[in-house]
Ligand SMILES: *Cc1c(COP(=O)(O)O)cnc(C)c1O
């Protein structure tokens, strides 16, 4: 291979050397110490402000005593419960250490050096990193008016295209794909191309404004893979459980490449219980939708442009340098996300919080913007 370069006698492919490290946010306690603030609130990672499902916590407590055992490598109960919920066979479900791991599995199965993978920009940053780490070629199609441009994505397909990643709703804009768009897109797409619908925020979508990839799979379109997660609506981001629903043959290949115990026993117990915690789920939905309307209205009142969102976060044009706004908000004890790394240097992303957190966020932003 031509893109191998040697350093200190060790061969590291060029595409690995060129990977940009993910810069994780600092722990909240560290920020509080650094900035001399107290009671900071975090509205930066689209987490559930209500916390984890109480039923999940109870199930995890009960599972702790069995930690000397290896987990059930087939995640039998969780898989079966999910299969029942979605009306598919357990053989169509693959579990991952977060849906992030499923993205890695799909790339591992489909992408070799030289293969092309299409994703939008801005969208979830993980797709391009994983593809690059596999030596694949990222083909990036810009969003159009904050939405996936399916026409341009179709036009970017070549004989080398293996996978297309679509986060629906999109992170960071919160926009969705309309049914007519997806219908036409899939109709025109060559049969060999896999379409991954990353539906991390689908639980927040109201009124069926966008179709799930599951509908297409159900109608026999085996190219469509749907990814979901327990990290957002279910409030279990720290537990790391995501799942993919797909054609059983494809699921079989992913089962072959995964590690046998990729879902730990506490994660299996917690996710299973969270699925049946209707009350927590409904509360989450209500607090998110109410908080989202509140924030959108107040942000508009502050002169910001707010992208219409179908998720638990808002993309906001603050008409000035987002990094400065991020820093100034931090000094007020409110952690939000600057969208600079997503190519939106004047935008911030705010996760919907609890009512008092949303109020504090607006008060802080008002101070920052009138400064
Ligand atoms: C948050 C998020 C995920 C979730 O990742 P996990 O690994 O399941 O925590 C996936 N896709 C998108 C677009 C997201 O924003």
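The values are calculated or read from the model by the stated rules, or taken from the named source; none is laboratory data. Computed from a predicted model, the values in this text were never measured in an experiment. Cβ sites come from the backbone with ideal geometry, for glycine too, and all protein chains shown count toward neighbours.
Here are some notes:
- Just one of the listed residues (67, 78) is at pLDDT 95 or above, within 20 Å of residue 259 (Cα to Cα) and buried (at least 19 other Cβ atoms within 10 Å of the Cβ), namely 78.
- Residue check for residue 244: crowded, with 17+ Cβ neighbours inside 10 Å, touching a residue at least 12 places away in the same chain (Cβ under 8 Å), under 26 Å from residue 161 (Cβ atoms) and in contact with a helix residue (DSSP H, G or I) (Cβ under 9 Å, 6 or more places away or on another chain): yes
- Within the range 282-313, the only residue that satisfies the criterion of being closer than 15 Å to residue 172 by Cβ, exposed (fewer than 15 other Cβ atoms within 10 Å of the Cβ) and in contact (Cβ under 8 Å) with a residue 60 or more places away in the chain is 308.
- Candidate set from the range 182-223 (those that are part of a strand (DSSP E or B) and within 16 Å of the ligand (Cβ to nearest atom)); member that is surrounded by the most Cβ atoms within 10 Å (Cβ to Cβ): 198
- Check on residue 55, within 30 Å of residue 146 (Cα to Cα), in contact (Cβ under 8 Å) with a residue 40 or more places away in the chain, touching a helix residue (DSSP H, G or I) at 6+ places or on another chain (Cβ under 7 Å) and surrounded by fewer than 22 Cβ atoms within 10 Å (Cβ to Cβ): no
- Lone unmet requirement of (1) free of Cβ contacts under 8 Å to residues at least 60 places away in the same chain; (2) away from the ligand (no atom under 16 Å from the Cβ) for residue 130: (2)
- Pairs where the first residue, in the range 4-32, is within 30 Å of residue 329 (Cα to Cα) and the second is at pLDDT 85 or above and surrounded by fewer than 10 Cβ atoms within 10 Å (Cβ to Cβ), C-beta under 7 Å, 6+ apart: 32/38
- Only one of the numbered conditions (1) surrounded by fewer than 21 Cβ atoms within 10 Å (Cβ to Cβ); (2) out of contact with any helix residue (DSSP H, G or I) (no Cβ under 6 Å at 6 or more places or on another chain) is not met by residue 166, and that is (1).
- Checking each residue in the range 109-127 for being more than 16 Å from the ligand (Cβ to nearest atom), crowded, with 18+ Cβ neighbours inside 10 Å and in a helix (DSSP H, G or I) picks out only 110.
- Residue count for the range 58-80 satisfying the condition of being without any contact (Cβ under 8 Å) to a residue 24 or more places away in the chain, farther than 26 Å from residue 285 by Cβ and in a helix (DSSP H, G or I): 1.
- Of all the residues in the range 81-102, those that are more than 16 Å from the ligand (Cβ to nearest atom) and either modelled with pLDDT under 95 or assigned to a loop (DSSP other than H, G, I, E, B) (or both) number 3.
- The conditions of being more than 16 Å from residue 242 (Cα to Cα) and part of a loop (DSSP other than H, G, I, E, B) are met by residue 175.
- Condition check for residue 25: within 16 Å of the ligand (Cβ to nearest atom) and in a loop (DSSP other than H, G, I, E, B): yes
- The range 28-52: number of residues that are out of contact with any helix residue (DSSP H, G or I) (no Cβ under 7 Å at 6 or more places or on another chain) and part of a helix (DSSP H, G or I): 6
- Restricting the range 130-145 to residues that are over 14 Å from residue 167 (Cβ atoms) and assigned to a helix (DSSP H, G or I) leaves a set whose member that is nearest to the chain's Cα centre (by Cα) is 131.
- Residues being part of a helix (DSSP H, G or I) and more than 16 Å from the ligand (Cβ to nearest atom) - total across the range 227-260: 9
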